[in-house]
1. If a residue must be crowded, with 18+ Cβ neighbours inside 10 Å and among the small types (Gly, Ala, Ser), how many such residues does region 49-72 contain?
2. Taking the residues in region 287-320 that are aromatic (Phe, Trp, Tyr) and within 26 Å of Leu96 (Cβ to Cβ) as candidates, determine which candidate is surrounded by the fewest Cβ atoms within 10 Å (Cβ to Cβ).
3. Since Leu30 meets every condition but one in (1) within 22 Å of the chain's Cα centre (by Cα); (2) touching a residue at least 24 places away in the same chain (Cβ under 8 Å), which condition does it not meet?
4. Keeping to region 104-131, report how many residues are in a loop (DSSP other than H, G, I, E, B) and in contact with a Cys (Cβ under 7 Å, 6 or more places away or on another chain).
5. Go through the residues of region 267-277 one by one and say whether even a single one is among the aliphatic types (A, V, I, L, M) and part of a helix (DSSP H, G or I).
6. Do any residues in region 322-351 that are free of Cβ contacts under 8 Å to residues at least 40 places away in the same chain have Cβ atoms under 6 Å from those of residues that are of a type outside the set (A, V, I, L, M, F, W, C) and buried (at least 20 other Cβ atoms within 10 Å of the Cβ), where the two are at least six apart or on different chains, and which pairs are they?
7. Go through region 483-525 residue by residue and tally those that are without any contact (Cβ under 8 Å) to a residue 40 or more places away in the chain and of a type in the set (Asp, Glu).
8. What's the number of the only condition in (1) within 19 Å of Ile235 (Cβ to Cβ); (2) over 14 Å from the mean Cα position of the chain (by Cα) that Ile300 fails to meet?
Amino acid sequence: MVTLIHLAQPQQQPLLELPDFLLEHMVPVLIILGAACVSVLFEALLPRHLRWSVQVFLSLFSIAAAGAVLVTKGLGEAGTGVLPMAKALAVDYPTLFLWGTLLALGFGSILLIADRSVERGGYFVAHAAIRPGTIQDRAQAATTGMQTEVFPLALFALGGMMTFVAANDLLTMFIALEVLSLPLYLLCALARRRRLISQEAAVKYFLLGAFASAFFLYGLALLYGYAGSVNLAAIANAAAGNERSDTLLYAGVGLLVVGLLFKAAVGPFHTWSPDVYQGAPTPVTAFMAACTKVAAFGAILRVFQVALKSSSWEWQYVLWAVAIVSMVIGAVLGLTQSDIKRMIAYSSVAHAGFLLVGSIALTPQGLSGTMFYLLAYGFTTLAVFGVISLVRDSHGEATDISQWAGLAKRSPLVAAVFTFLLLALAGIPLTSGFIGKFVVFAAAIEDGAAPLVVVGLVTSAIAAFFYLRIIVLMYFQEPAEDGPTVTVPGAFTVMAITLGVTVTLLLGVVPQFALDWADLGVFAF
């Protein structure tokens, strides 16, 4: 009887082992995403006249707090690698470097977004629901209000970028890609002036971004079918030795890389960038050009060096061709541009090719050199768009290159700052651009990619012509009587430009501290 009772009792099920989320290693990301959620509540609850000041303070404070946590906590246990969020993310030395870079660039971008003195009322439309070209649209352009929803959107995009560079599996990477992309689509459409161009840019960015996301997701599915996992290390193990057909691997890698290269604006997947750079509000353009480039190449580096390193011989030479195409497209088409924002867009395509040269070098030197290049390029680009926003006429920003003639006579300081930044983009010594190209090309030569370096040097020389053309125009042409003027910048814009110029100079003169930081370690997983 006792035996029957004992057998009738249900057997106790073993307790499920809960994953360790290790949230203490995710504090910087949690601060940014938490501030974004609070910012949304402020938009719903605060009176309209208080929103701008509160949103600016919250955005800048949250980024500064996240940066302080990152610095105070230091490398700690993350130096050897930690897998928080149930192993969905990886926090190691490169992750910390990229987080610090994104936070610093995000801080400068928020300063530009918050400025309301260069463009009266701010760069963003006061009422986004008003149709462009109507009487109400012309009236709102003269008001001092702005859509303060741009601040939570920017914070969500920044949080998505930080998650993107730390993703340890492709599914998390895809979710982070959408989190960073969707706010950018909206931000591009909110320009106060030239709203039709702004909305056209947003639609193009959204449609092409949706195609790129589909490529990424299809590649993810094929790699899951090949490796049986979306984890980067598991994909690497499967590629190193697997009896299955490599067709899924090749197709999956190709589609996945297309999605990543689109986000990085690498030619020939760059077609969105000139239109979006031109049409988006200039602070948003600066945010995309600086931060999105860091996020995209941070993810590319992790995928190449963790998931695909064991199969590099199968894809490396294809990406050689892509890097060459990107450098040539950026350098040659940049010469033909008459709009300065489109010219900087094609400049970014050329720089994406240079960055891809470093990313293909699957060595510690390639990793550290590419991360240093991202840091240097981000601050220079941020300051470039800050200066572009200052040259204005009665219709807003004077982006036609011919309008910059004689700028040195109207504003010698602005012309001198812009000249220094253009020389940095050209890679002239004593600027961060020179050091960035040097370390990337040195890593490529060490990895046996000398032909890529030769193409990079030639295209750098070609690209220098369109930078020098602007300098010659500013200093050796007479200004038109009815030409644009240089607006006196507000404190926020001055701080953003000063930050970009200072870092560009420091990284060109004393780059060793940043090089040592970038060279602390490799991906731990």
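1. Qualifying residue count for the region: 4.
2. At the first step, the residues of region 287-320 found to be aromatic (Phe, Trp, Tyr) are 287, 297, 304, 313, 315, 317, 320.
Within this subset, residues satisfying the condition of being within 26 Å of Leu96 (Cβ to Cβ) are 287, 297, 304.
Working: Phe287: 30, Phe297: 28, Phe304: 26.
Only one residue fits best here, namely Phe304.
3. Of (1) within 22 Å of the chain's Cα centre (by Cα); (2) touching a residue at least 24 places away in the same chain (Cβ under 8 Å), only one is false for Leu30: (2).
4. Kept after step one, since they are in a loop (DSSP other than H, G, I, E, B), are these residues of region 104-131: 115-123, 125-131.
Narrowing further to those that are in contact with a Cys (Cβ under 7 Å, 6 or more places away or on another chain): none.
Selection size over region 104-131: 0.
5. Of region 267-277, the ones among the aliphatic types (A, V, I, L, M) are 276.
The next check asks that each one be part of a helix (DSSP H, G or I); those that pass are 276.
Yes, there is a match, as at least one residue in region 267-277 is among the aliphatic types (A, V, I, L, M) and part of a helix (DSSP H, G or I).
6. Listed pairs, sorted by first residue: Leu333/Tyr346.
7. The qualifying residues number 1.
8. Just one mismatch for Ile300, condition (2).
The values are calculated or read from the model by the stated rules, or taken from the named source; none is laboratory data. What you see is a predicted model, and the numbers here were worked out from it, not measured in a lab. Here the Cβ is made from the backbone with ideal geometry for all residues, glycine too, and neighbour counts use every protein chain on show.
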